[in-house]
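Readers should treat all values here as calculations from the given coordinates under stated rules, not as data from a laboratory. On a predicted model such as this, the values are computed, not experimentally measured, just so you know. Using ideal geometry, Cβ is built from the backbone for each residue, glycine included, and neighbour counts are taken over all protein chains shown.
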């Protein structure tokens, strides 16, 4: 089996594409899905157009995989980890962490299957254990499917709210909903 992170990052790079500087994008200049702000926070100081895929991968690994704890979810469910990673790059890493924790708490049958976890967006061992417990109780594939549906439902609502709150975001609404929200 290959490196899960590299597989996910390679797929994500194809979705994110290369350089962008859309006037309606509050993130400003972006290369390989990495905004200029995130690039600077992670030590990249060059022109955004010159960022290599390898530099983007290093930022992805540090800022969107290890720091938010999504690698811990990758050890439990690669499918759920992929969704967290993709959404984290697109919306920020705290948002999908909160959604996962909320969904896990809603699916524990009033604490009968596992205890509620703190909803703080910090994906750590407790979140990974709760997901593992849900998968043990409901079956891995079934649990993954339901969690992915919950995460994608949260994500779709967020995109629509972003478009409603800021008209300029409508430039991205179609792409967000058609490319980022999957209901497998």
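Per-residue packing, averaged as other Cβ atoms within 10 Å, sorts the ranges 126-137, 99-110 into the order 126-137, 99-110, beginning with the highest. Cα centroids of segment 1-65 and segment 100-131: 30 Å apart. In the chain, the longest principal axis of the Cα atoms and the axis of helix 78-91 are about 40 degrees apart. For the chain, the longest principal axis of the Cα atoms and the long axis of helix 94-106 meet at an angle of about 20 degrees. Among 114, 19, 64, sorting on how many other beta-carbon atoms sit within 10 Å of each Cβ, with the fewest leading, yields 19, 114, 64. Summarise the long-distance tail of P(r) for the chain by giving the % of C-alpha pairs beyond 25 Å. The share of Cα pairs beyond 25 Å in the chain comes to 35 percent. On a 0 to 90 degree scale, rounded to 10, what angle separates helix 125-138 from the longest Cα axis of the chain? It works out to around 60 degrees. The stretch between residue 129 and residue 157, if pulled fully straight at 0.36 nm per residue, gains 7.4 nm over its current Cα-Cα span.
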